[in-house]
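Each reported figure results from applying straightforward, stated rules to the coordinates on display, with no laboratory input. These numbers were taken from a predicted model, which means no experiment stands behind them. Here the Cβ positions follow ideal geometry from the backbone for every residue, glycine too, while neighbour counts run over all protein chains shown.
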2 protein chains.
Amino acid sequence: MNDDIRIGIIGLGCRGMALLGDVMLPQGVRVAAVCDMYEDRRDQAADMVTGAGQADPFRTADYHEILKRDDIDAVVVTAAWEAHIKVACDAMQAGKYVGIEAGGAYSVEDCWKLVAVKEETGSECMLLENCCYGRDELMVMNMVRQGLFGEVVHCQGGYRHDLRAEVAGGRENRHYRFMNYLDRNCENYPTHELGPIANVLGINRGNRMLSLTSTASKAAGLHEYLLREKGEDYDATNMNFQQGDIVTTVIKCAHGETISLTLDTTLPRFYSRGFHVQGTKGMYMEDNRSIFIDGKDNSYDFKWKEQWNNVDRYYDEYDHPIWKEYIKEGIKGQHDGIDWLVFKAFFNAVRAKTSVPIDVYDAAAWMSITPLSEQSISTGSMPVAIPDFTNGAWMRRKQWEP
Amino acid sequence: MNDDIRIGIIGLGCRGMALLGDVMLPQGVRVAAVCDMYEDRRDQAADMVTGAGQADPFRTADYHEILKRDDIDAVVVTAAWEAHIKVACDAMQAGKYVGIEAGGAYSVEDCWKLVAVKEETGSECMLLENCCYGRDELMVMNMVRQGLFGEVVHCQGGYRHDLRAEVAGGRENRHYRFMNYLDRNCENYPTHELGPIANVLGINRGNRMLSLTSTASKAAGLHEYLLREKGEDYDATNMNFQQGDIVTTVIKCAHGETISLTLDTTLPRFYSRGFHVQGTKGMYMEDNRSIFIDGKDNSYDFKWKEQWNNVDRYYDEYDHPIWKEYIKEGIKGQHDGIDWLVFKAFFNAVRAKTSVPIDVYDAAAWMSITPLSEQSISTGSMPVAIPDFTNGAWMRRKQWEP
């Protein structure tokens, strides 16, 4: 079809493969090129593309080869964290639409560069933060906008995901997390929880994050895990991982709200993003899937547990319109459909040549939490100011829509 | 009986009344005197004492009158927060055993004074922190000591209790919280959650708290509540309460553990102390009453919810011995029995003339979080050092026993 958009995938990490493997490309998206430093990954990806009935894609180990091609409309960057901003800036310079996978930045300067290149080139770059498309996250945002929570005062979230196998096996699996956990100590993955919270609080849209403190616990989880799984003679068992098991970051916002983020990826636990919103009239808590509305759903004694799982009762009335529509169509793709929805939003913008919903200002603000947390941890939890990457435009930007 | 101990109750706040009203005095405890600035409270308390079959107690508005009496072995201080340390020091000077109700301090110097007076006089003062006697708190401590959680890395807790009616009605009810919320901004009530966490982490017993940061949200909850309940013309509706609705405090410990505390008392919500313990082998979470043990109870997908409420399955094997005994005897008293247990421990020490289980070093460390959080909040969440009130003895003190 003439309307087809043609994309290149740069860095075939897990999300890049998911994009292909889960047949989640919305209709009219052709994978014209794949790039990875490893040949076997390129070949595997190309096989998936042809297996899905598309033409054999161009393969390269050098992403600049993809950026040079006129037949590529957009690139999706699913490489290691440290490549995201560099590749995104080069791609914007080459006039491509860019989608970058979730991850933190390595310096505040890099975040500023992302903004500067977007402003110089007029190109669009979207942070593909799938959790912004979570059903509960969007329903809560919807309820907040309808006033059910009153004035929102505090939010919490976390990336609370036992990644010990992935991190510890990083060398065998060619996963960049191994090195990051060995060498760094920071809130290394803030956007899964911070994105939806930013949308609830109107960050970069009438509100902004002002400052943070960050505190890391000791690093004990990986050692214990490796000792059990690999024994005491295995080299990594005796390495000093610098990444604290739990990193707690507290953010203060311009309108007086606070946000508490927790990185929690190297201890045994169930998966949770710990999404939690509190206002003067209501509260949402992911960890027992409860909604508390003053004067309505308001069992005060926790032990009654009457309200656990009552979130289900709110979907009919308060599901976000895009989720209502999506459910009607039938949920597709991994991660409960949020990957599908975020890619759909990106490809819609590419096709319509419009601005992307999660833009460089959001990406810069959210990704900057990583180097800022590193600064705070390295200086004994000193408070650190969070830059205004919009240079004042946040007071006028319109509310977020998915 | 000759073995009877005779106590005075100073400041007839809610816990003082509970002590009387719930007939929770262990056998052999006589209330010989009651003190309050309000005559009606003194009379009410005296009526409860005689109603329980004891002799009419001495009544006074001046607690020094109680301290002078030779027939008083111990005093229980359930007055307003700001009187706790002052009265406790005077009582220790007078040679009495002292029990003080939970609450934060107003200055670090006052905490040092509590320690100094104990060391000068040799008298004993116990912080009556009932939550240290909570069933789950003690079971988790028991499990930690048996190694089920591996190396403990991080704990969380909170005082998450909707007190809007109590605070807003403070003038009518002669409750000191009203003034505190009007004038101060701090973690004003840390000990309910911090006490049990300190016991899990061995604070003052091989470990200690080193530093903290504290961040307060805006104060919006009381205004919204008063507007709804009392209308816009009511004077307090238009007062600027300084106490932020949510205060998040992050503490770093000597052995690298982190503790996150949340004060959350002026927004609509269910009651929770948010007790949460994470180690290299296991996790406990109050908010869905789950225990996660690596390789045993380890459903990774939160949505399966299989492990919610599985705490019940652990009581048989891991209940703390004092709870096993207590359940055999039949639970007595308010607050699920924890008031009974904490008073029992105090009166046992008074009767046996032994040291108290929660002593001035614990009280000083835990209560100091309040003024230290106030310092941090007032300086933009700057990190603040937490004093070593034991002057080095924490490295040698024995592990806590209830």
Legend entry - Once the Cα gyration tensor of the protein assembly as shown is diagonalised, semi-axes √(5λ) in Å: 54, 27, 23
Inset, instruction - Provide an ascending nm list, one decimal, of label-point separations from A:GLU317 to the equivalent residue in each further copy; define each label point as 7 Å from Cα along Cα→Cβ. - result: 4.4
Inset, instruction - Report, in deg cm²/dmol and to the nearest 500, the calculated mean residue ellipticity at 222 nm for chain B, where each DSSP H run with n ≥ 4 adds -39500 (n - 2.57) and the sum is divided by the residue count. - result: -10000 deg cm²/dmol
Inset, instruction - Can you tell me the relative contact order of the range A:6-131? Whole percent, Cα pairs under 8 Å, sequence separation 6 or more. - result: 24
Legend entry - Within a Gaussian network of chain A (alpha carbon springs, distance under 10 Å), most fluctuating of A:PRO190, A:PRO383, A:PRO268: A:PRO268
Inset, instruction - One decimal, nm, shortest first: give the distances between the label point of A:ASN238 and those of the same position in the other copies, each label point 7 Å from Cα along Cα→Cβ. - result: 7.3
Inset, instruction - Arrange the following residues from fewest to most other Cβ atoms within 10 Å of their Cβ: B:SER290, A:SER378, B:SER376, B:SER214. - result: A:SER378, B:SER290, B:SER376, B:SER214
Inset, instruction - State whether chain B is rounded, prolate or oblate according to the following rule on the C-alpha gyration tensor (a ≥ b ≥ c being the square roots of its eigenvalues): a/c under 1.5 gives rounded; otherwise a/b larger than b/c gives prolate, and the remaining case gives oblate. - result: rounded
Inset, instruction - With an 8 Å cut-off on Cα pairs and a minimum separation of 6 or more residues, tell me the relative contact order of chain B in percent. - result: 21
Inset, instruction - Name the shape class, rounded, prolate or oblate, that the alpha-carbon gyration tensor gives for the range B:35-185, where a ≥ b ≥ c are the square roots of its eigenvalues, rounded holds for a/c under 1.5, and otherwise prolate holds if a/b is larger than b/c and oblate otherwise. - result: prolate
Legend entry - Label spacing, shortest first and in nm, from B:ASP62 to its equivalents in the remaining copies (7 angstrom along Cα→Cβ): 9.4
Inset, instruction - Give, as a single signed number, the net charge of other residues whose beta carbon lies under 11 Å from the beta carbon of B:GLU401, with Lys and Arg counted +1 and Asp and Glu -1. - result: +3
Inset, instruction - Calculate the length of the line joining the C-alpha centroid of the range A:206-279 to that of the range B:224-276, in whole Å. - result: 24
Legend entry - Segment A:GLU172-A:GLN399, extension gain: residue separation times 0.36 nm, minus the distance between their alpha carbons: 77.3 nm
Legend entry - Relative exposure of A:GLU151, A:GLU329, judged by other C-beta atoms within 10 Å (fewest first): A:GLU329, A:GLU151
Inset, instruction - Arrange A:VAL153, A:VAL350 by Cβ neighbour counts within 10 Å, fewest through most, would you? - result: A:VAL350, A:VAL153
